[in-house]
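J.: Quick one: this structure, given as structure tokens, is what I'll be asking you about.
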Amino acid sequence: MWIVWLEKRILKTLGIILGVIIIIITALHIYVVNNAESLVEEIVANESKGKLKLKVENIKFNYFTKKIEFQNVTFFSNDSLDLKTSYHFQVDKIKLKVKALIPIFTHRKSRSQG
């Protein structure tokens, strides 16, 4: 009889652990999806030293194939007063395949220009 009780307890514990893992993964996915557009826009602004701006309407992720799809992307020069030419163009879709998705949004590397 105690074996049945032990099996029920083990299954209950495993169910709770699995539920917590699913909740954590779901929360991480929601965080990445809600903050991805602003993070990508910030990366473009930082890497171009403020000369280029990017506006992304939507980003789709495929975690298994490591593909990212940017939808309705608009590039434009940030400050046309200092530049001799300014530009503005829009692309419907940009598809990228990356080595890893999470480091793009979690790794902050300061780059020194030398």
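The values are calculated or read from the model by the stated rules, or taken from the named source; none is laboratory data. Just so it is clear, the model here is predicted, and its values are computed rather than measured. Neighbour counts run over all protein chains shown; Cβ positions are idealised from the backbone, glycine included. The protein model used for the area step is the full one, side chains on, heavy atoms only, and it has no ligands, DNA or RNA in it. Shrake-Rupley method; radii C 1.70, N 1.55, O 1.52, S 1.80 Å.
J.: Per-residue counts of other Cβ atoms within 10 Å, averaged by peptide: what ranking do you get for 19-32, 64-77, highest first? Intermediate results must be reported in sequence, preceding the final value.
T.: Working: 19-32: 10.9, 64-77: 13.9.
Answer by packing, highest mean first, reads 64-77, 19-32.
J.: Work out the FRET efficiency for residue 88 and residue 25 from their Cβ-Cβ distance, taking R0 = 41 Å, and round it to the nearest 0.05. Spell out each step's value before the answer.
T.: Working: r = 39 Å, r/R0 = 0.94.
Between residue 88 and residue 25 the formula returns 0.60.
J.: Would you please give the residues with an amide H less than 5 Å from that of residue 78, counting only those at least 5 places away or on a separate chain, with H modeled from the backbone geometry?
T.: So residue 78 has HN proximity to 52, 53.
J.: Give me the 1.4 Å probe accessible area per residue for region 7-101, excluding ligands and nucleic acids, in Å². It would help to have the intermediate numbers written out before the result.
T.: Working: 7300 Å² over 95 residues.
Here the residues of region 7-101 average 77 Å² of exposed surface.
J.: Still on this structure: Please list, or write none, the lysines whose alpha carbon is within less than 18 Å of the alpha carbon of residue 49, excluding same-chain residues fewer than 8 places away.
T.: 84, 109
J.: In 5 Å bins starting at 0, how do the alpha-carbon pair distances of region 33-98 split up by percent?
T.: 4, 17, 23, 24, 16, 9, 5, 2, 1
J.: What pairs in 55/97; 12/60; 51/99; 8/66; 55/99; 8/60 have C-alpha atoms more than 29 Å from each other? Could the numbers behind the result be given before it?
T.: Working: 55/97 20 Å; 12/60 35 Å; 51/99 27 Å; 8/66 39 Å; 55/99 24 Å; 8/60 40 Å.
Check vs 29 Å cut-off fails for 12/60; 8/66; 8/60.
J.: Give me the extension gain from residue 67 to residue 7: residue separation times 0.36 nm, minus the current Cα-Cα distance, reported in nm with one decimal.
T.: Working: separation 60, 0.36 × 60 = 21.60 nm, distance 4.14 nm.
Between residue 67 and residue 7, full extension yields an extra 17.5 nm.
J.: Something else about it: Residue by residue through region 31-41, what is 3J(HN,Hα) from phi via Karplus (6.51 cos²θ - 1.76 cosθ + 1.60, θ = phi - 60°)? Round to whole Hz and write x for glycine and proline.
T.: 4, 5, 5, 6, 10, 5, 4, 5, 5, 5, 4
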